[in-house]
Every structure is written in structure tokens, then in C-alpha cells.
Amino acid sequence: MGLTRWLLTGERGGISQRSLRGQLATSWGFPASTFLEERARAQWSGPVIPPNVGETLLVSVRVEALWHLGSERGPMALELRGSAAASAELSRRLVTRDLPLYDDPNRLHRSRAFVARPFVIPRAEAPPATLDGASYGLSLSLAIASDMLRLPLPPDLAATGVLHADGTISPVDGLARKVALILEHAPGIHRFFVPGPQLDEACEAVKETLFDLGISHDRGWLSIQPVGTFGEAFTLAWPDAIDRLRERWQDREVASRLAEQLHRVALFDSPVVLGWPAIETCAEELMARNPEDRDRQRLALVRAIARRHNGHKEPHPWPSDSDLAQQPRAARLRHVAHVVQSEAEGGEDPGGSADRALRLVRRRLERASEDAVLLGAVGRAFGAADRDEDAISALREAIATWQDIGSPADSTHALCELLRLLGVAGRAAEIDVITRRDLPLIETDPRMSDKSLGFVRVALGRAYVQVGRPEEGFRELSEAPEGRALPLIAEAGRLRWLSRAHDALGRPNEADAVRDRLSSKQAPPYPWELQTGLALLDAARRDGRATPPLRERLSRLRELGRSLERCPEGRDWAAHLTERSRY
């Protein structure tokens, strides 16, 4: 016996009236805007409580129940364990990457501990000691997005789906029973997000459950909405999210505080940020609000940094001496580092920019973190200018500086570029030294983030493939944290070099299957477009099909076109692109 049947017949079936009224007091239980509403009003005339920020309804079938997910602890609260806890961590990282915009970047650092309290356990079973299951992934991601943006989930919404590191949603077990539980016990839920391939299954379950309740299908209230990705689910849940945040930003103090937070996140490249589209969107929105001069300058830099990360490789202008003089040295050198990096990726004279910046670096015993950051940018710029020995020297200095100041985890940007150059040069012995000497320091640093470790694993796997040790490369690329949300550029590069490892191991079919995965990604063009183009060229080189028409096709891709323009005369253009590409 459930709430819906009670509203239809008045029969409690052994369930206390207090329990049923408790359900009616929530928006998930109160059947607003259906023919059941009149009877519900007769039973409960008090306030109907909507979900708070970061709360949602979970549906389980291992123990048939509906759960109230939130952070409020109590005697009945269950911890998330096993695959549910893993889904929560994946969701947190993925949401920071794939949110379309931010309201308060400081909230990205929150690692909220979720618990689940029983909403209803229909069969009066003893609740489990913990809650486990991968099917909560989509619900968890929406709850985390709600918390980060301070936007409550719509009170009529529930969801189910297994979440993956690329943001896609896959099917769940027991979907028909989940649909039935919602219809029978949570008639306030009018929308149920389900994985796209299970649309027909869910719709059929709605029909069968309504028939069992004695309700004609045309009087049904539960709409099944198929979703394929977290991004799609977010848009359906909050179609007005940007408008609601714009309304908050009418307060100039709020907008100025956000500008300051974005400037700090962008300038210091927080390891929490896995994606930059939201930062670019925020900067553009705030710049359109005619901010004060200082905020406008900050936002212009934030926007330029975010656009570079998002694939728009315009070089940043070198700041004036007066602008630099007004910044603390830490911010000043990091600003210059971003300028040098942008010149490396899209400018005409990356080597000249690096030479100019190198004069700002102190001698080794006097260096601080900002010197190490700038040395890393200088190394990447020398690499872009084909001054490989200068690049390797600067990158080694950057890594040594990070180690000198007791922060090896921060050396990963420089280390990844050093591995790239050593792989291009075929210097396997030096790569082995890094794995023995530097990697253990990085991996045991408690501040090491999954984001940085993912980049290192991809870079090391690539280097092994390039020096002719594909077995080791395959292992590193396979062990890169695929089950965790990597930045898209790292995940795209991982797939491309995984296909190269398969090729080198004589497995062309497996290589092509990975390339198909890469080309099928439903995501913004950059970086998938870039890596798909390089993977296409990899396959063409393998099969002897690297022809001028293919070169013409690839030259239309922004970053590959620039790389072709920089290709020294007489060098094999196909090898130049595939071997020296940044990722």
C-alpha cells in the first residue's frame, strides 16, 4: 500500500496516517496539479516543503525504497559507500568541469558529504547500513550542481542513470520498478529523467503501474524525459539558470566579488577547475555589466585565459610596466607566464617572448613558486619555437625549483612538457630517470590532485609510445584515471595515444575502435576536434595515406593550421603534426 493508493481509496494498508501525512508535507509526496490534489488537501492543509539546495530524491530497488539525499545527519541517515561513493566523487569532479557557468568559484572547493534518509520504505524492511549503487550518479550530479550554484532542484523532478567520466549517462537495472515506486509513493514527482536508451522501457512501466492503480493513462502525471549527458540533464532541470544568476549579479558588490574570485582561480590555475567554458561565460557576462575599471581589467585577463584553455589561441598582450608594477610579484609573474604561454600556443615569436620573460626569474636559491610557474611557461614557449634544448633546460629548472620549495605536486605542468620533448627526441633513458626520481615525489605529495596526476599519466604513456616502448605506454594510458573526470583535453589526448599504442603493438582493429570512440564524442569541438584530426592523421600515416588533400583538410582546424604554418621547411609535415602536438 502506498501514498497514491491511499489517496485513491482511503485505505492505509498498515501504514500509519502520520507517516502518510509526513510524505504529503513534502513536494515529492504532495500531488499538486493532479486529480489527486483535492483528496490530498483534505488530508493535509499545512505547508508543502520543497527540497533545499543540494537535496534530491533517490530511488533504490535492491532495497525497494525512496531516499531523501542531502547532508542532514541523524539516527536514520545512511552513508554512501562503494559505487555510490565513487559516483559522488566522480559527479563532484565532472560538475566542476561541465557546469555552463559558476556563481561562486569558492564553492568548487567544497567536498560535500552526502547522506540519505528514508523517505519511504514500502515493505517495512529494515533499512540497510549503507547505500550503494552506481545508478545514483545522475541524481548526485544534479544535487552537486544545485549546491554549487545555490539553485534548488525543481520540486517535481527525480532522476536515475549511471554517470561516466565523459559526462554520458548509461542504463540502470530495475528501471520499471523505480518508475512504479515513484508513481506509488511520490505522486509529487512529475518528471523523471532516465537514460536515453531506456525511454520505451520507462514509458511502458508508467502504463503498467497506472493500470495496476486503476488509473487511465490519460490521467497520468509522470513524464519520462530521456537524457544522454549531464549537460543535457542540467539544461532540462534549470533552463533559466543563467537568467537567475544574472539577477543576482545586478548587485555590483556581488558581481565585483565574483570578478575577484574568477581572477584568482584563473591566474593561479586552481587544480579544482577541470573545464574553462563556465569561466569564459562568467567573465563575458560580468564584463557586459559595465564593471569598475579594476574589475574590467581582471575580467579581461580571465576571459583571455579561459579562451586560451577553450581552444582560442590568440596571444595575450604583454602588460605595461605600470600594470605590472601595481601587482604583487606572485601575481605579476603568473600574469607574464600566461602571456608567454599564449604566445607559445598562438603567437608569432614564442622564443622571443620566453627570452624576455626569463629575465624576470631570480637565481635558484632566491626563487619562489611564481618563478617556477614562469620557468614552466618559458620552457613550453621554447618548445613551441623548436628550441628544444633551451626548453628542456628551463623545464628541468622549473621542476627543480618546485622540489626546492617542497611542492613537487605543482611541478606537473613542467613535467608533462618535459616528457613530451623527451618522447619526441627518443630519449628513453631520461624518461626512466623521471619515473624513478621525480614521479615518486609527485605521487606521494598529499596535495597531488587527480587532475594533475591524470595529465602526468597521459604524458608518460605518450612518451613511452614515442620511444618505442608501447607496452609500457599502453599500461600508463590504460591506468590513467578513466573512471574519474579528467579535463577534456587530457581525456581526448589519452584516447588518441591509446590508439597509437594499439597500432605499435600490432592491433590495428583495436586502434581504430579507440579512434571511433574519440570521433563519436558529443562535446564542444575543442579538444575532440583537434585530437580526432590528429588520430585521423595517425591512421593515415600507418596506412601510407598522408596525402596533400588530407593536409588541406587538417589545415582548416585552428590549432593544426598554425602548427602547419610553423612546420620548418623540409620537415615531414605529417610527422611534425602527429609527433610534436601538445597533447
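In terms of the mean number of neighbouring beta-carbon atoms within 10 Å, the peptides 565-573, 353-361, 175-183 order highest first as 175-183, 353-361, 565-573. Summary of the geometry: segment 342-370 and segment 143-208, compared by the centres of their Cα atoms, lie 51 Å apart.
Under 17 Å from a label point set 7 Å out along the Cα-to-Cβ vector of Arg110, the amide N atoms of segment 135-160 belong to 140-154.
Once both labels are positioned 7 Å from their Cα atoms along Cα-to-Cβ, the gap between Arg363 and Ala42 label points is 9.1 nm.
Modelled this way, with points 7 Å down the Cα-to-C-beta line, the labels at Arg329 and Ser33 are 6.1 nm from one another. The label point for Asn52 and the one for Arg252, both projected 7 Å from the Cα toward the Cβ, are 3.5 nm apart.
Distance from the Cα centroid of segment 492-542 to that of segment 231-283 is 32 Å (rounded to whole angstrom). Residue by residue, segment 571-580 carries 3J(HN,Hα) couplings of 8, 4, 4, 5, 5, 4, 5, 6, 8, 9 Hz when phi is fed to the Karplus relation 6.51 cos²θ - 1.76 cosθ + 1.60 (θ = phi - 60°); x denotes Gly or Pro.
In percent, rounded to a whole number, the relative contact order of the chain is 10, using alpha-carbon pairs under 8 Å and six or more apart.
Which lysines, on any chain, are close to Lys178 with Cα under 30 Å apart, when same-chain ones fewer than 8 places away are left out? Within the straight-line cut-off, Lys178 pairs with Lys207, Lys521. From most to least packed by mean Cβ count within 10 Å, the peptides 493-506, 396-409, 415-428 give 493-506, 415-428, 396-409. Close amide H contacts of Phe193 (hydrogens built in the peptide plane, cut-off under 5 Å, sequence separation of 5 or more or a different chain): Ala158, Ala159, Thr160, Gln225. The peptide list 330-337, 110-117, put in order of mean Cβ contacts within 10 Å with the highest first, becomes 330-337, 110-117.
Using 0.36 nm per residue of separation minus the Cα-Cα distance, give me the extension gain between Arg296 and Leu213 in nm, one decimal. Display every interim value, and only then the final one.
Working: separation 83, 0.36 × 83 = 29.88 nm, distance 6.00 nm.
Fully extending the segment from Arg296 to Leu213 adds 23.9 nm.
Legend: calculated FRET efficiency, Arg558 to Glu201, from the Cβ-Cβ distance at R0 = 41 Å, rounded to 0.05, equals 0.45.
Per-residue 3J(HN,Hα) values for segment 534-547, derived from phi via the Karplus relation 6.51 cos²θ - 1.76 cosθ + 1.60 with θ = phi - 60°, read 5, 5, 4, 5, 4, 5, 5, 5, 4, 9, x, 10, 7, 9 Hz in sequence order (x marks Gly and Pro). Here's how it looks for Phe119: its modeled amide H is under 5 Å from those of Leu66, Trp67, His68, which are all 5 or more places away or on a different chain. Using the Karplus relation 6.51 cos²θ - 1.76 cosθ + 1.60 with θ = phi - 60°, the per-residue 3J(HN,Hα) values for segment 304-311 come to 5, 5, 5, 4, 4, 5, 8, x Hz, with x marking Gly and Pro.
No lab work stands behind these numbers, since they all come straight from the coordinates. Just so you know, these numbers come straight off a predicted model, no measurement behind them. FYI the Cβ positions are ideal-geometry reconstructions off the backbone, even for glycines, and counts take in every protein chain you see.
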